[in-house]
Amino acid sequence: MTFPEPGESAPGAEATISIDGDRTEVEAKEPSLHRRILEDVEGKILSGEWPPGHRIPFEHELTEQYQCSRMTVNKAITDLVKRGLIERRRKSGSYVTHPHAQSAVLEIHDIRLEVESLGLPYRYERRTRLDRAAKAADRRLMELPESARLTEISALHFAGAQPFCLEDRLISLEAVPEAAGETFEDVAPGAWLISRVPWSAAEHRIRAVGADARAAELLAIAPGTPCLVVERRTWSGGLYITHVRLTYPGEKHELVAEFAPTHPSSRPDL
């Protein structure tokens, strides 16, 4: 272990030491400067003052601006990179990143409520239901054991006379054994799960696709029509509960997200 020479500060920590009798006071400046730099840069990004693609000041410029060590600036920049707000480019500097759709924290409302908010009557139609052994692809998708069994459901949600959404869902019978006794003829599986199964986390994947032949037929659209696909995995206590794929004709659905930099204001439903 080495110690700084008299009159020097330890690397990464500037301190003011004063002695008053037997009392020694140490003010650690660097941690507060790190927080200040981080919050200042983050604020300029989130306010739009520094838009996507904007190059932020070089580290030596920030070091001079805040009168601190290069290590403190580097730590603040590294934290912002981890948050996905900036990216480093070799020999070029650090830049504000372009937003990614998958980073948003989304709340997917009950499909019935989505339809009724449009002023249209809602109708649910179960197409198929099957209890079966999990296939290899299912086990990889939901991290299931080889002996796992699933309930597989395909259903349509209507807005008036028109198909609004195609739902393809897998429910783990290890996590929700009572699903084996439910027909899902009168109640949509999403609403059924919400009312019965507590969950601890969920993951969304959202993308645009062209409708394949099956989706096109069920949604009454032409093959290749742009669709919005929302895939969601939900789990509780380490067990995956369900995986659902929701396919919407592109012009009939939009996603609205409310989010904050560090404290999401909403969470997805099952």
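Values quoted throughout were computed directly from the atomic coordinates according to the rules given, and no laboratory measurement underlies them. Everything quoted here is computed from the prediction, not taken from an experiment. Using ideal geometry, Cβ is built from the backbone for each residue, glycine included, and neighbour counts are taken over all protein chains shown.
Numbers at a glance
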| item | result |
| --- | --- |
| Karplus (6.51, -1.76, 1.60) ³J(HN,Hα), θ = phi - 60°, over region 141-156, in Hz, Gly and Pro reported as x | 5, 10, 6, 9, x, 4, 7, 5, 10, 10, 9, 10, 10, 10, 8, 10 |
| Order by protection proxy (mean Cβ within 10 Å, highest first), peptides 128-136, 165-173 | 165-173, 128-136 |
| Cα-Cα separations in region 162-221 greater than 15 Å, expressed as whole percent | 63 |
| For region 82-207, Kirkwood radius (reciprocal of mean inverse C-alpha pair distance, Å) | 17.6 |
